[in-house]
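J.: The structure follows.
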Amino acid sequence: MQYIYLHGFASSPQSHKAQYLLHRFREQGINLQVLDLNQNDFTSLTLTRQINQTVAGFADDSTPITLIGSSFGGLTSVWLAEKYPQVQRLVLLAPAFNFVAYWRQKLGAEQIQQWQESGFLAVCHYREAELVPLSYCFYEDIIQYEESLLQRNIPTLILHGEHDEIIPLQASVDYAKQHPDTKLISLNSDHSLRDQMAIIWQETKIFCSIK
């Protein structure tokens, strides 16, 4: 089994969740690959690029894969599972379902139009701790991914904060209703889930049969 971790939007492999899980897996003698989805070019980020980058890291066509995805990395994970049968298990931390709806609500039609006209939108990048331009190609790309087309059922564990201020818990509830192999655990936390890492690790161990 190959384990791959996909961090969230405007995050990095140095995030608290990524590093916490990296060390917990390492203690079990398991290599957790933590990809840097920024590729030193956050401006050109797209969902398609993240998918292609992750696939390039697959060991081979026969090795089963468990993807652990946080937020936008979680959304990337479900699309990878839809497209690649060797992805056989998912652990999703506050997955960014309805991400397009989130952007539309956050920005509004006028700002999205300004983004299109200028070509770039200033986004706060957590690792860089500053505003970084994001190409409008990001938005053009992601609106092509219709989440109603996510039909594949595989064993999936979702851990989502009840007080998530970015992606409402209801988004994961709706996904779980449509995917019966999904186990959803709601946690008393926000989108970061930072204060729930011990629980996340214990549930991940059980789900992945890690002793």
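The values are calculated or read from the model by the stated rules, or taken from the named source; none is laboratory data. These figures come from a predicted structure and were not determined experimentally. Quick reminder, even Gly has a Cβ in these numbers, built from the backbone with ideal geometry, and neighbours come from all protein chains shown.
J.: Keeping to the range 88-127, report how many residues are more than 30 Å from residue 151 (Cβ to Cβ), surrounded by 12 or more Cβ atoms within 10 Å (Cβ to Cβ) and touching a residue at least 40 places away in the same chain (Cβ under 8 Å).
T.: 5
J.: For the range 1-78, list the strands (runs of 3 or more DSSP E) that sit wholly inside it and hold at least 2 residues that are within 13 Å of the chain's Cα centre (by Cα), touching a residue at least 12 places away in the same chain (Cβ under 8 Å) and surrounded by 18 or more Cβ atoms within 10 Å (Cβ to Cβ); which are they?
T.: Filter on the range 1-78 gives 2-6, 65-70.
J.: While we're here: Among the numbered conditions (1) at pLDDT below 95; (2) surrounded by 15 or more Cβ atoms within 10 Å (Cβ to Cβ), tell me where residue 154 comes up short.
T.: Unmet for residue 154, out of (1) at pLDDT below 95; (2) surrounded by 15 or more Cβ atoms within 10 Å (Cβ to Cβ): (1).
J.: Which of the residues spanning the range 179-198 are of a type in the set (A, V, I, L, M, F, W, C) and touching a residue at least 12 places away in the same chain (Cβ under 8 Å)?
T.: Of the residues in the range 179-198, the ones of a type in the set (A, V, I, L, M, F, W, C) are 184-185, 187, 193, 197-198.
184, 185, 187, 193, 197, listed by residue number.
J.: Now, a different point. Here is a list: 130, 117. Which entry is touching a strand residue (DSSP E or B) at 6+ places or on another chain (Cβ under 9 Å) and over 15 Å from residue 45 (Cα atoms)?
T.: Sole residue among the options that is touching a strand residue (DSSP E or B) at 6+ places or on another chain (Cβ under 9 Å) and over 15 Å from residue 45 (Cα atoms): 130.
J.: Moving on. Please specify each residue of the range 164-183 satisfying the condition of being within 16 Å of residue 81 (Cα to Cα), buried (at least 18 other Cβ atoms within 10 Å of the Cβ) and of a type in the set (Gly, Ala, Ser).
T.: Listed by number, the list is empty, since nothing qualifies.
J.: Among (1) without any contact (Cβ under 8 Å) to a residue 12 or more places away in the chain; (2) within 15 Å of residue 5 (Cα to Cα); (3) not aliphatic (A, V, I, L, M), there is one condition residue 130 misses while meeting the rest; what is its number?
T.: That leaves (2) as the condition not met.
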